[in-house]
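Notes to accompany the following structure.
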Amino acid sequence: MADSTHDGHASRRDFLTLTASAIGGVGAAAAVWPLISSMNPAKDTLALSTTEVDVASVQVGQRLTVTWRGHPVFIDHRPAEEVKAAQEVDISSLPDPQTDQSRVKKPEWLIVVGVCTHLGCIPLGQKGTDVRGEFGGWFCPCHGSQYDTSGRIRKGPAPKNLEVPPYAFTGDTKILIG
């Protein structure tokens, strides 16, 4: 009687099993790939995750508004006297105490998300003709919250300071937000 491993049947069976398993594995991967791919953020979402801004043309005392993640971001090129006044505020008198130094990376540049922390309105104060409130920063027209020149809440129903987004200076005049 001949040995079954020598007659070719077992080796042919092993080959067919391995081939079928490989094709099944490739088919399963091809079926699962779109599901995994759909969990990645869309390209338009990734494009909005960071915003690069060149502030070379922004003069001292001028404010700029850019969009990041669908929200306005206020960039304020603060004059020296405004920086000094913001640094001298007694933080114990603030509803949400934060020093000016903890809110900025370079004292002359303040970068905050321009959304009131009360109910999400856009505060006024970016244009020179806008009402800026008693503290010279921003004034929310919806419910009267007033922010100072460091974006800290000073008066009104807003519970928190204007949010400082994650940002970094990538050069002397370039800022990467996000």
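One table, with the values for the structure above:
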| item | result |
| --- | --- |
| Compactness relative to 2.2 N^0.38 Å, alpha carbon Rg of the range 94-161 | 1.01 |
| Size descriptor, Kirkwood hydrodynamic radius, that averages inverse alpha-carbon separations across the chain, Å | 20.0 |
| Length added when fully stretched, Phe15-Thr67, from 0.36 nm per residue minus Cα-Cα | 12.8 nm |
| Given charges at beta-carbon only (K, R positive; D, E negative), |dipole| of the range 47-177 in Debye | 240 |
| Those GluC sites (Glu not before Pro) in the range 40-131 that DSSP places in a loop and that have at most 10 other beta carbons within 10 Å | Glu88 |
| Cβ-based exposure ranking for Leu162, Leu94, in which fewest neighbours within 10 Å come first | Leu94, Leu162 |
| Gain on full stretching of the segment that runs from Ile36 to Ser93 - 0.36 nm per residue minus C-alpha separation | 15.4 nm |
| MRE, 222 nm, helices only [DSSP H, n ≥ 4, -39500 (n - 2.57), over the chain, to nearest 500] | -8000 deg cm²/dmol |
| 12 Å beta-carbon shell around Cys140, net charge (K/R +1, D/E -1) | +2 |
| Loop trypsin sites (Lys or Arg not before Pro), the range 75-120 (other Cβ atoms within 10 Å of the site Cβ: 15 or fewer; DSSP) | Lys105 |
| Which of Cys121, Cys116 has the fewest Cβ neighbours within 10 Å, and the rest in rising order | Cys121, Cys116 |
| The range 60-115: mean projected area of Cα convex hull, nm² | 4.2 |
| Relative contact order (%) - criterion: Cα under 8 Å, at least six apart; region: the range 33-128 | 24 |
| In Hz, Karplus ³J(HN,Hα) per residue of the range 133-139 (6.51, -1.76, 1.60; θ = phi - 60°; x = Gly, Pro) | x, 5, 10, x, x, 9, 10 |
| Rounded to whole Hz, the Karplus (6.51, -1.76, 1.60) HN-Hα couplings of the range 90-103, x for glycine and proline | 6, 5, 5, 8, 8, x, 10, x, 8, 6, 4, 4, 7, 9 |
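Bear in mind these aren't lab numbers, they're just calculated from the coordinates by the rules spelled out. Bear in mind the structure is a predicted one, so any value in this text is a computation, not a measurement. Here Cβ is always computed from backbone atoms with ideal geometry, including for glycine, and neighbour counts include all displayed protein chains.
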